[in-house]
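Below: the structure, in structure tokens.
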Amino acid sequence: MKSFHSIVITGASSGIGEGLALDYATTGVRLALGGRDEARLQAVAAACRARGAEVEAQTIDVADREVMATWLRAQDAAKPVDLILANAGISIEKGKGQAIDEERTRRTFEVNVEGTFNTVFPLLEAMRARRQGQIGIVASLAGFIGLPRAAAYNASKSAMRVWGESIRHQLRRDNVGVSVICPGFVESRITVGNDFPMPFLMNAERASAIIRRGLAHDRARIAFPIGTKAAIWLAATLPGNTTDWLLGRFSR
Ligand SMILES: NC(=O)c1ccc[n+]([C@@H]2O[C@H](COP(=O)([O-])OP(=O)(O)OC[C@H]3O[C@@H](n4cnc5c(N)ncnc54)[C@H](OP(=O)(O)O)[C@@H]3O)[C@@H](O)[C@H]2O)c1
């Protein structure tokens, strides 16, 4: 089992990232936490310090490549990073008129895709050279088939899932692990406004515990909960026209 002592978490100011930060916070662990909302981020940082962790909290936009690289290299210099959690993400296609919108589509990819690259690449060579480290990429169960909503979000998560699964093979020879994290519905600021049923909705604490266990075992894919995972797996194995028909009926 792997254990981690210098951890970077993006999107640590709420939801799953906050849950992970609190879960990993203990004596002997250094946490580098990123987020955009200063007040919420500092509140999470304070709670982590209260649990004994050393914490560096930075208000930072993952889409800003240069700023991210500088920040991440400074964290690595302070204590070599052994776990990167590329967790920051947005879902901004909710509501009438906001689906299939060019600006929202491009911004979704800037944050969910380029933001992940901006989180992983600055530390990748150092991890390879040390032959030590774990990379957790937060994708989604929404990234397996073309669902009738949130096209850019689903596509961005699909891209990160496949990218993560692929680099895992290439990084194995450097002893760097990659886990792709595919949650179903988790209570967070992303899901709070959803106006549709969210089966098997779980809280961030539970999600964090599952993710943490998967990372410790260097699982290739950490997908949960089982009910949503099974439904997505089934939909992905059906002939394309059948899936299209079923999803069409479901969305109406
Ligand atoms: N909740 C779900 O059902 C679910 C399911 C599958 C996958 N996910 C994924 O899980 C991850 C965490 O989301 P969540 O559900 O916990 O939602 P959340 O509560 O909205 O958390 C998202 C986090 O990402 C941060 N963030 C957003 N844009 C950013 C940017 N440009 N730069 C830096 N940080 C940014 C937010 O920071 P601020 O709030 O400070 O802006 C926040 O800390 C996301 O990648 C999401 O796609 C969520």
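The values are calculated or read from the model by the stated rules, or taken from the named source; none is laboratory data. In this text, all values refer to a predicted model and were calculated from it rather than measured experimentally. Cβ coordinates were reconstructed from backbone atoms using ideal geometry, including for glycine residues, and neighbour counts include every protein chain displayed. SASA here: full protein model, heavy atoms, side chains in, ligands and nucleic acids out. Shrake-Rupley method; radii C 1.70, N 1.55, O 1.52, S 1.80 Å.
Numerical summary
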read-out: For region 1-120: Kirkwood Rh in Å [reciprocal of mean 1/r, alpha carbons]; value: 14.7
read-out: Percentage relative contact order, region 152-252, counting C-alpha pairs under 8 Å, at least six apart; value: 26
read-out: Estimated FRET transfer efficiency (LEU234, ILE100; beta-carbon r; R0 30 Å; 0.05); value: 0.70
read-out: Positive-end extreme of charge dipole, the chain - chosen from ALA216, LEU20, ALA45 (charges on Cβ); value: ALA216
read-out: Total charge dipole magnitude, the chain, about the Cα centre, Cβ charges on Lys, Arg, Asp, Glu only, Debye to nearest 20; value: 720
read-out: Accessible area in the full protein assembly, largest first, 1.4 Å probe, for PHE250, PHE185; value: PHE250, PHE185
read-out: Among ILE232, TRP163, ILE190 the positive-end extreme of the charge dipole of region 133-252 (Cβ point charges); value: TRP163
read-out: Cα-based helix-to-principal-axis angle, 240-251 vs the chain, degrees rounded to 10; value: 90
read-out: Cα-based Rg / Dmax (Å) for the chain; value: 17.7, 54
read-out: Those aspartates and glutamates that a straight Cα-Cα span of less than 17 Å connects to LYS2, excepting residues fewer than 8 apart in one chain; value: ASP23, ASP82, ASP174, ASP218
read-out: Cβ crowding within 10 Å averaged over residues, with 151-164, 194-207, 6-19, 69-82 ranked highest first; value: 6-19, 151-164, 69-82, 194-207
read-out: Computed P(r) (all Cα pairs; region 148-252; 10 Å bins; percent); value: 12, 38, 36, 13, 1
read-out: Crossing angle, helix 38-50 versus the chain [Cα axis fit, 0-90 degrees, rounded to tens]; value: 60
read-out: Rounded to the nearest 20 debye, dipole of region 67-177 from Cβ charges on Lys, Arg, Asp, Glu; value: 280
read-out: Net charge dipole size for region 47-105 [Lys, Arg +1 and Asp, Glu -1 on Cβ; Debye, nearest 20]; value: 280
read-out: Cβ-derived FRET efficiency at R0 35 Å, MET1 paired with ARG249, nearest 0.05; value: 0.20
read-out: Rounded accessible area per residue of region 87-213, 1.4 Å, Å²; value: 49
read-out: Residues of type aspartates and glutamates that LYS94 reaches as a straight line, Cα spacing below 18 Å, ignoring anything fewer than 8 places off in the same chain; value: GLU102, GLU103, GLU110, GLU187, ASP195
read-out: Using alpha-carbon coordinates, inclination of helix 151-172 to the longest axis of the chain, degrees; value: 50
read-out: Percent carbon-and-sulfur accessible area, region 63-191, ignoring ligands, DNA and RNA, probe 1.4 Å; value: 52
read-out: Rounded to 5, percent antiparallel among DSSP beta bridges of the chain; value: 0
read-out: Backbone N under 20 Å from the GLU205 label point (7 Å along Cα→Cβ), restricted to region 1-21; value: 12-21
read-out: Most to least accessible of SER3, SER166 (protein chains only, probe 1.4 Å); value: SER3, SER166
